């Protein structure tokens, strides 16, 4: 192979949709969905989608945001702010506001779950006690 035919590092970093989907453990349909929502913008060669390092990194951010419970709209807002603010100050301000809101929401959910667990344990004890008094064993 001659030097002029040797793939460049940038070219070697380009990946097709199937490769990216497999690497990230997601479906091609999900990748197309995120593209339709404007979260990613892979290059096109004809009808083929080509993903570079930047797009793969953006997809990883999208997946992390989704895992943390952020909406597609919120994630798009973060990514859009990243693109327009080179120092990322506004992005970080918006992000911390959203993180705090998400934490508050999750803390309320956790309190509700803790209360439900407490009530279910009390019902379990009461029911087991009733079965014991009736001389019956739990199923």
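In table form, for the structure just shown:
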quantity: Residue tally, condition assigned to a loop (DSSP other than H, G, I, E, B) and in contact (Cβ under 8 Å) with a residue 40 or more places away in the chain, over the range 39-75; calculated: 2
quantity: Filter pass, residue 57 being surrounded by fewer than 16 Cβ atoms within 10 Å (Cβ to Cβ) and either within 15 Å of the chain's Cα centre (by Cα) or closer than 25 Å to residue 16 by Cα (or both); calculated: yes
quantity: Some residue of the range 94-115 being at pLDDT below 90 and more than 30 Å from residue 13 (Cα to Cα); calculated: yes
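Rundown of residues vs (1) modelled with pLDDT of 95 or more; (2) surrounded by 13 or more Cβ atoms within 10 Å (Cβ to Cβ); (3) assigned by TED's automatic domain parsing to the domain that holds residue 56, yes/no style:
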site	(1), (2), (3)
3	no, no, yes
6	no, no, yes
12	no, no, yes
20	yes, yes, yes
27	yes, no, yes
31	yes, yes, yes
38	no, no, yes
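The values are calculated or read from the model by the stated rules, or taken from the named source; none is laboratory data. What you are looking at is a predicted structure, and each value in this text was computed from that prediction instead of being measured. Here the Cβ is made from the backbone with ideal geometry for all residues, glycine too, and neighbour counts use every protein chain on show.
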